[in-house]
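Have a look at the structure below, then the notes.
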Amino acid sequence: MAKGISVKKSEDISQWYTEVITKSDLVDYSDVSGCIIFKPGSYAIWEIVRDETDKLFKEAGIQNCYFPLFIPEKFLTREAEHVEGFAPEVAWVTQTGSSTLSERLAVRPTSETIMYPSFAKWIRSHRDLPLRLNQWNNVVRWEFKNPVPLMRSREFLWNEGHTAFATKEEAEAERDVILGIYQKILKDYMGIYGSVGYKSEREHFAGAEYTCSIECFLESGKAIQGPDFHHDGQIFAKAFDIQFVDENEQKQYVWQNTFAITTRMLGVMFMMHGDDKGLILPPPVAPIQAVIVPIYKDDTKDAVIRAAAGVHEQLFDVRSKVDDRDGYSPGWKFNEHELKGVPLRIEIGPKDLEQNQVTLVRRDTGEKIPVDFEHVHKRVQDVLSDVHGSLYQRSMKNFEDSVVKCSTYDELKDATANKKIAYAPFCNEIEPEDAIKEETQGVKTMNSPFGAECKEGEVCVYTGKPAKRWFYFGKAY
């Protein structure tokens, strides 16, 4: 494996990112453009994110299921806005062997249209509600010109939550539950801060009444959308005839939501936290949280290796390993584990043995911390916790320090041209947002925080018409 990052993050973040995710052994390119290979390192991280999210879903009463990868064309075209939104991205199966299919099959871009015919069969009475299902799967979205591994891939992994309720109030109450789960995963596991709020009319999910998202901001000056929640109202219920008989023996359409977190968040995390040495992994998602590196010569090898094994035994609830490979110098091992983002290195050598201690080395700051043998377990836990907290605080500070409040279009353009987030009143109409994006070479709304309604007299930063909400604006991946 090639070692060392050849470019600084501050000088060329795109090249830096490519080197980091490949040289740290996270991903590899496949022969299908825009489709990557998740190597064990990245997939182990995704498993942690997936499993911890799944636990919270189950605690909330959501059950897992699985629906087919292929969607008949007649289903996909049921909801006009939905199919129009995904039409450019759909990959189609038209032939098997030498036989042409009688009906084209879409490769799943998202599963509403394959799931909801079943919802219509399963939901008959108010007693069948709520129906709250989730599936962990892959989806394919083909249309884009510049794939970026993890950040913009033609195939990616995610969860798909699909829920149905008897009333609008029940459905909308789920919003804070789901976004709360995603916020917890981003904060407590990935060390990522994001703004929670409403997407604009231009940016909401095709077929939804409205979309809520968690928006992140990177040091590169670009925003990226994180997990999202869509309130679909009765749009799909009417398209797929999902009705139930209520307590008054009246037929009603259900109210629905959908929500997702994707492997894009791995790319966000790698890009957000990494430095010129490589990855910095938040301890909760790091496959190896602490690596113990014994330092010895021939005459001290046995004693140092025994001591390293003793430290490893102390760390019974930490994902740790002893790197006692022969043929590699301690310095080479240090560099490799720094490149791979291991949050904590534990050095132990003959001088440490004499002083009955080890040396902890933080990946995020490089700080060296001597610790007595008997206190290793507690200090490792404390340092890992502090590493994670520091990464999250840095993420939050980067977002907050990047926000520039704007009252004019010129101020918005200046802020975003200087790789900042513009916070401005907006009319939330599609045509003005399209115009802003075209005139600024890519600036668009991120989201509008909850509670950010405009006051009377506040006018849109672009049109001068009465503004509806304050929105964050930025250039996006």
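The values are calculated or read from the model by the stated rules, or taken from the named source; none is laboratory data. Computed from a predicted model, the values in this text were never measured in an experiment. With ideal geometry, Cβ positions are generated from the backbone for all residues, glycine too; neighbour counts draw on all protein chains shown.
So here's what we get for this one:
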quantity	calculated
Residue in segment 92-104 that is out of contact with any strand residue (DSSP E or B) (no Cβ under 6 Å at 6 or more places or on another chain), more than 30 Å from residue 279 (Cα to Cα), touching a residue at least 12 places away in the same chain (Cβ under 8 Å) and not in a helix (DSSP H, G or I) present	no
Some residue of segment 339-361 being under 19 Å from residue 310 (Cβ atoms) and of a type in the set (Gly, Ala, Ser)	yes
Helices (runs of 4 or more DSSP H) completely within segment 230-340 that count 2 or more residues being aromatic (Phe, Trp, Tyr)	330-339
Test: residue 224 is under 16 Å from the mean Cα position of the chain (by Cα), in contact (Cβ under 8 Å) with a residue 60 or more places away in the chain and under 27 Å from residue 440 (Cα atoms)	yes
Residues (among the β-branched types (Val, Ile, Thr) and either surrounded by 17 or more Cβ atoms within 10 Å (Cβ to Cβ) or under 27 Å from residue 222 (Cα atoms) (or both)) located in segment 361-376	361, 365, 371, 376
Cβ-Cβ under 8 Å pairs, at least 6 apart or on other chains, segment 290-306 side within 14 Å of residue 322 (Cβ to Cβ), far side of a type in the set (Phe, Trp, Tyr) and assigned to a helix (DSSP H, G or I)	293/334
Any hit, segment 173-185, residues being touching a helix residue (DSSP H, G or I) at 6+ places or on another chain (Cβ under 6 Å), in a helix (DSSP H, G or I) and closer than 30 Å to residue 393 by Cα	yes
The lone exception for residue 407 - which of (1) in contact (Cβ under 8 Å) with a residue 40 or more places away in the chain; (2) not charged (D, E, K, R); (3) not in a loop (DSSP other than H, G, I, E, B) it fails	(3)
Residue match in segment 377-390 (condition: in a loop (DSSP other than H, G, I, E, B) and either surrounded by fewer than 19 Cβ atoms within 10 Å (Cβ to Cβ) or in the same structural domain as residue 269 (by TED's automatic domain parsing) (or both))	no
Meets criteria (more than 30 Å from residue 206 (Cβ to Cβ), within 22 Å of the chain's Cα centre (by Cα) and not β-branched (Val, Ile, Thr)) for residue 46	no
